[in-house]
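Each value in this text was obtained by applying a stated rule to the coordinates, not by laboratory testing. What you see is a predicted model, and the numbers here were worked out from it, not measured in a lab. Cβ atoms come from the backbone with ideal geometry, glycine included; neighbour counts cover every protein chain shown.
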Amino acid sequence: MSRQSSQTRTRILTAAWHLLESGGTVRMSDIAKQAGISRQALYLHFPTRADLLIATTRHLDEVKEVDTRLAASRAAGSGRERLALFVEAWGNYIPEIHGVACALMAMQDSDEEARNAWANRMQAVREGCEAAVEMIENDGLLVPGLNRKTATDLIWTLLSVRNWEQLRQDCGWSQDDYIAATKRLAELAIVTPEH
């Protein structure tokens, strides 16, 4: 990809990101206008709106250095540690992507492309939960009666953006309290207690 093409692509992704965060429209024509290019040029970079929305969420992850944030969790020496570090990384990332998350969640009932973009990102979160659960299971510490899928379902649901909103915004919890309680609940839900 040429330097100019790469710069145009970045302008498009940044425009889409800002429109999503502002609650503005996210039609291809609005994104093209915000990026200062023609609709035809936009379609050369992103043939479909779904491609653009998914690329925008991934661009946000790149700009916000999500892989760096997850590095400690991925390098953890135990399942218990990996779970705690994953909860912390994702839980502290939610406030930074909240605007885009809200926009995609609000659109998903009537907009299949937004639904697919949000599902794509939530699948990535689910995979992080599953990796922690797998390590806990391999450590022999998964709560008896739980299987990997059920434990993953529990942690993934616990880490939902809607739960973060309810505790932080509706209940007035601090971010530190949210992280501490979520770590504690995640461990209690799926990790056999130490004796």
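What length, rounded to one decimal in nm, is gained on full extension from CYS102 through to GLN40, with 0.36 nm per residue of separation minus their alpha-carbon distance? The partial results should precede the final answer.
Working: separation 62, 0.36 × 62 = 22.32 nm, distance 2.84 nm.
Contour length minus Cα-Cα distance gives 19.5 nm.
Using r as the Cβ-Cβ distance of GLN7 and THR192, and R0 as 41 Å, what FRET efficiency do you calculate, to the nearest 0.05? Plugging the Cβ-Cβ distance into 1/(1 + (r/R0)^6) gives 0.20.
The ranking of SER6, SER160 from fewest to most other beta carbons within 10 Å of each one's beta carbon is SER6, SER160. With all pairs of different C-alpha atoms in the average, the Kirkwood value for the hydrodynamic radius of the stretch 3-48 is 10.3 Å.
Exposure proxy ranking for THR56, THR68, based on other Cβ atoms within 10 angstrom of each Cβ and starting from the fewest, stands as THR68, THR56. Each Lys or Arg adds one and each Asp or Glu takes one away; over the other residues whose Cβ falls under 9 Å from the Cβ of GLY79, this sums to -2. Rounded to the nearest 500, the 222 nm mean residue ellipticity of the chain from helices alone is -24500 deg cm²/dmol, with -39,500 (n - 2.57) taken per DSSP H run of at least 4 residues.
Listed by number, the DSSP H helices of the chain that run 27 Å or longer by alpha-carbon position along their axis and have mean Kyte hydropathy of at least -0.5 are 79-107. Based on the inverse mean of 1/r over its pairs of different Cα atoms, what is the Kirkwood hydrodynamic radius of the chain, in Å? Kirkwood radius, the chain: 18.1 Å.
Which of the GluC sites (Glu not before Pro) across the stretch 1-106 are loop residues per DSSP, with 14 or fewer other Cβ within 10 Å? Kindly include the intermediate steps, with their values, before the conclusion.
Details: sites: GLU21, GLU62, GLU65, GLU81, GLU88, GLU96; in loops: GLU65.
Those that pass, being in a loop and sparsely packed, are GLU65.
Between rounded, prolate and oblate, where does the stretch 98-181 land on the alpha carbon gyration tensor, with a ≥ b ≥ c its root eigenvalues, rounded for a/c under 1.5, else prolate if a/b exceeds b/c?
Details: a/c = 2.83, a/b = 1.38, b/c = 2.05.
Cα axes put the stretch 98-181 in the oblate bin.
Positive-end ranking of LEU188, ALA89, ALA71 along the dipole of the stretch 64-190, with charges on Cβ about the Cα centre, is headed by LEU188.
Under a 5 Å amide H cut-off, with hydrogens placed 1.01 Å from N, VAL191 pairs with VAL143 among residues at least 5 apart or on other chains.
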